[in-house]
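The structure appears below as structure tokens.
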Amino acid sequence: MAWQETGVDVQDVAERARVLNRLRIGDIVFHRITKTAALLVLMVLGGVIVSLFLGALPALQEFGFGFLTTQSWNPVTDKFGALAPIYGTIVTSLIAMLIAVPFGLMIAMFLTELCPMWLRRPIGIAIELLAGIPSIIYGIWGLFVFAPFLQQYVQPPIIAAFENIPVLSTLFAGPPFGIGILTASLILAIMVLPFITSISRDVFDAVPPVLKEAAYGLGWTQWEVWRYVVLPFTRIGVIGGVMLGLGRALGETMAVTFVIGNAHKISTSLLAPGTTISASIANEFTEAVGDLYTSSLIALGLILFIITFIVLAIARYLLLRINRRIG
């Protein structure tokens, strides 16, 4: 036999076959476990969508498309509209991102490019601690400390400064309540800032030093290196961090509930009270009496799910375009 001629024992061949078979069985089991886990995630997601749709169906049948275009919310007469919570959710999230994204990127740039080594670790730990603070703590702090401070020292000067300016006088019209859309947006900006900063710092650190050294060798400034080398190299990770922060802002509940005022109306002033989808559900779900009232709150949850899905879809589309452009 061939194996006898080469000095290979029959038992060795059989042992090797058993080992390879055992490894193959392990690979098959691992593949099926991971596939089952992935399918389980899809099943859970599908179950959530179906549950939300079935729960929201009575309200959608009763009010139709008008549920999205009216701001009336009257549990006594069973008249419900989602426009005010949708408006509050979108506006507070956009304002929060307009504040948090530039600050987060600048902090990440400072930590990776400009900060002394002895100061990087304390600032990094502080940012991580901000990310770990529970949202209800932000809400309590915002209600008892931040909102009174804004009401007394910040909002009155803003109202006076923009009083005679056409558009800004409407956006910052008084009286100074302290709580409101702007206060909730500032709290959200503080909450999402650590996520954007941490992810941006990590991806900035991943830039190969040779790229930055080559740019510095050409005489570029630190701003030019960050703008034309670091940021383009890490834009996929930066967009991912921004989308993570936006998802947190859209779904935040307790902190916003404390400081937004919980008024089911749309006001042109950012200083006026308002509400969001999450805050409306948290405030009223335990008090919902009647099938239509409960169904309307579930319909708000379905709308928030759709908004979040649209945001994630846009993010994926942007990432695909960037990947195609890169090559």
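Report yes if A263 is of a type outside the set (D, E, K, R), under 24 Å from S135 (Cβ atoms) and not in a helix (DSSP H, G or I), otherwise no.
yes
Please indicate, with yes or no, whether at least one residue in region 283-302 is of a type outside the set (A, V, I, L, M, F, W, C), surrounded by fewer than 21 Cβ atoms within 10 Å (Cβ to Cβ), in a helix (DSSP H, G or I) and within 19 Å of the chain's Cα centre (by Cα).
Within region 283-302 (the criterion being of a type outside the set (A, V, I, L, M, F, W, C), surrounded by fewer than 21 Cβ atoms within 10 Å (Cβ to Cβ), in a helix (DSSP H, G or I) and within 19 Å of the chain's Cα centre (by Cα)), the answer is yes, since at least one residue qualifies.
Among L244, L211, which is the only one that is over 20 Å from A96 (Cα atoms) and surrounded by fewer than 21 Cβ atoms within 10 Å (Cβ to Cβ)?
L211
Report those helices (runs of 4 or more DSSP H) wholly inside region 1-118 carrying at least 3 residues which are closer than 30 Å to Y228 by Cβ, open to solvent by less than 60 Å² (accessible area, probe 1.4 Å) and among the β-branched types (V, I, T).
Hits in region 1-118: 83-109.
Could you identify the single residue in V229, V192, V167, V256 that is at pLDDT below 90, aliphatic (A, V, I, L, M) and open to solvent by less than 40 Å² (accessible area, probe 1.4 Å)?
Being at pLDDT below 90, aliphatic (A, V, I, L, M) and open to solvent by less than 40 Å² (accessible area, probe 1.4 Å) holds for just one of V229, V192, V167, V256, which is V229.
Please verify whether A131 is touching a residue at least 60 places away in the same chain (Cβ under 8 Å) and open to solvent by 30 Å² or more (accessible area, probe 1.4 Å), treating the condition exactly as stated.
Against the criterion (touching a residue at least 60 places away in the same chain (Cβ under 8 Å) and open to solvent by 30 Å² or more (accessible area, probe 1.4 Å)), A131 qualifies.
The values are calculated or read from the model by the stated rules, or taken from the named source; none is laboratory data. This is a predicted model, so every value here is computed, not measured. Ideal geometry is used to build each Cβ from the backbone, glycine not excepted, and the neighbour counts take in all protein chains shown. Surface areas here come from the heavy atoms of the whole protein model, side chains and all, with no ligands, DNA or RNA. Shrake-Rupley method; radii C 1.70, N 1.55, O 1.52, S 1.80 Å.
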